[in-house]
Structure formats: C-alpha cells, structure tokens
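The values are calculated or read from the model by the stated rules, or taken from the named source; none is laboratory data. Given the structure is predicted, the values throughout are model-derived calculations rather than measurements. Backbone-built Cβ (ideal geometry, glycine too); neighbour counts: all protein chains shown. To get the accessible areas, we keep the full protein, side chains included, count just its heavy atoms, and leave off ligands, DNA and RNA. Shrake-Rupley method; radii C 1.70, N 1.55, O 1.52, S 1.80 Å.
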Amino acid sequence: MAYINLPHFGAVDSEALKEYYEMEILFDGRPMQLDLNFENKFIDEKRLETVMHFIDNIRIHDINNKRLIEKDYRNPDADTVLEYVNNHLEELGELDLRVLIDYKDKSIDHQTQLVKKLHLVRVGLYPDSEKEFAVFDYSIGQDLTNYLVVINTDENGNLDYMTMES
C-alpha cells in the first residue's frame with residue numbers, strides 16, 4: 001500500500017482508491033466543497049503528489065482564476081461572465097440583489113459589482129481524467145442561484161476553458 005497524505009483528506013491509498021472523496025472546507029471565510037474524483041482504483045503516487053501540490057496552491061489558482069474572470073468580463077469577444085452577470089441582473093429582483101449591489105454607489109456599475117462578488121464555491125479534482133484536471137465553480141451566492149461560472153484547468157492551473165453552467 002502506498003499512502004499519500006493529502007491536505008484536507010488525510011491518507012489516501014494510491015492502490016485502493018474510492019471513486020469519490022468530498023470535504024467541505026473554509027476558504028476566504030466561506031464554505032467551499034473540495035472533491036476528488038477517480039476513474040480507476042489505483043493511480044501513480046507521483047500523480048497524487050501533483051494533487052497534493054495543487055491543493056496546497058488553491059489560493060494561487062483562485063487569484064489567477066479571478067484575473068481570468070475579470071479578463072473575460074472585459075473582453076468584448078467573450079461572453080461567459082457578462083452573460084452570467086446580465087442573467088442575474090435580469091432574473092433576480094432588487095431585493096435579492098441588495099445583498100450584493102450597493103445601489104447608491106454610482107461610481108461602479110451593477111455589472112462590475114456582481115463580478116466582484118463571484119467567489120469560489122467548489123474545486124473538483126480529476127487526477128486520472130483524460131479531459132480536465134481541475135474544475136473551479138464560482139457563484140455570487142448559492143442561496144440566490146444555481147448558475148455558476150466554471151473554469152476548467154490543467155494540473156498547472158492553466159485555463160482549458162470557461163463556461164456558465166447550472
């Protein structure tokens with residue numbers, strides 16, 4: 001047996017993996033779901049070390065992802081973040097939005113205020129997947145909406161793609 005001690009998950013046996021591991025942790029003072037997803041019952045120890053390093057650097061990945069979100073929002077040819085924000089400005093009432101938007105502040109538009117409220121609610125890791133390695137879910141508030149800005153990355157945190165999902 002080859003155990004690797006993963007942050008938040010503890011000892012994980014690389015030769016007897018479960019399909020799914022899930023933890024709720026505090027991240028920036030908010031609850032965040034962290035999950036591991038395996039297609040196989042075993043994995044190379046080096047790959048689990050990559051997972052360990054990735055988890056240790058979630059804060060750095062979050063900072064980079066927020067830059068990507070801002071860049072997408074400002075890009076006239078991109079539409080993921082703008083669609084997310086506009087959808088919520090149209091669908092949610094002013095009463096719900098008051099917890100996120102300062103309607104008296106005329107120095108910053110409502111769209112930008114909502115973009116700044118996007119926060120990380122889930123990180124899903126897929127160490128043995130052929131597609132993505134990590135999936136980051138961002139929300140303005142899961143009590144307000146089930147829509148997410150989703151960022152898929154490789155094991156180095158490099159953007160694969162961004163989308164809006166429900």
Worksheet item: Of all the C-alpha pairs in the stretch 79-121, what % are more than 18 Å from each other?
Response: 21 percent
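Can you pick out the pairs among Lys18/Lys131; Lys18/Lys46; Lys18/Lys116; Lys41/Lys131; Lys71/Lys106 whose Cα atoms lie more than 26 Å from each other? Could the numbers behind the result be given before it?
Working: Lys18/Lys131 20 Å; Lys18/Lys46 18 Å; Lys18/Lys116 37 Å; Lys41/Lys131 18 Å; Lys71/Lys106 22 Å.
Those over the limit are Lys18/Lys116.
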Discussion item. If I compute solvent accessible area with a 1.4 Å probe over the protein chains, what percent of it on the stretch 1-94 is carbon and sulfur?
Written reply: 48 percent
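What's the longest uninterrupted piece of the chain once you rule out the GluC sites (Glu not before Pro) that are loop residues per DSSP with at most 13 other Cβ within 10 Å?
40-129
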Worksheet item: Considering every pair of different Cα atoms, what Kirkwood radius, in Å, is found for the chain?
Response: 17.1 Å
Worksheet item: Does anyone have the angle between helix 58-74 and the longest principal axis of the chain? Alpha-carbon axes, 0 to 90°, nearest 10?
Response: 40 degrees
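Given a 1.4 angstrom probe, what's the average accessible area per residue across the stretch 75-166, in square angstrom? It would help to have the intermediate numbers written out before the result.
On the way: 4840 Å² over 92 residues.
In whole numbers, the stretch 75-166 has 53 Å² accessible per residue.
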Item to complete: Give a quick list of trypsin sites (Lys or Arg not before Pro) in the stretch 69-151 that DSSP marks as loop, anything other than H, G, I, E or B, with at most 11 other Cβ atoms within 10 Å.
Response: Arg98, Lys104, Lys106, Lys131
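Net charge within 14 Å of Asn57 by Cβ-Cβ distance, Lys/Arg positive one each and Asp/Glu negative one each, not counting Asn57 itself?
Numbers: positive: Arg59; negative: Glu49, Asp56, Asp62, Asp154, Glu155.
With Lys, Arg at +1 and Asp, Glu at -1, the neighbours total -4.
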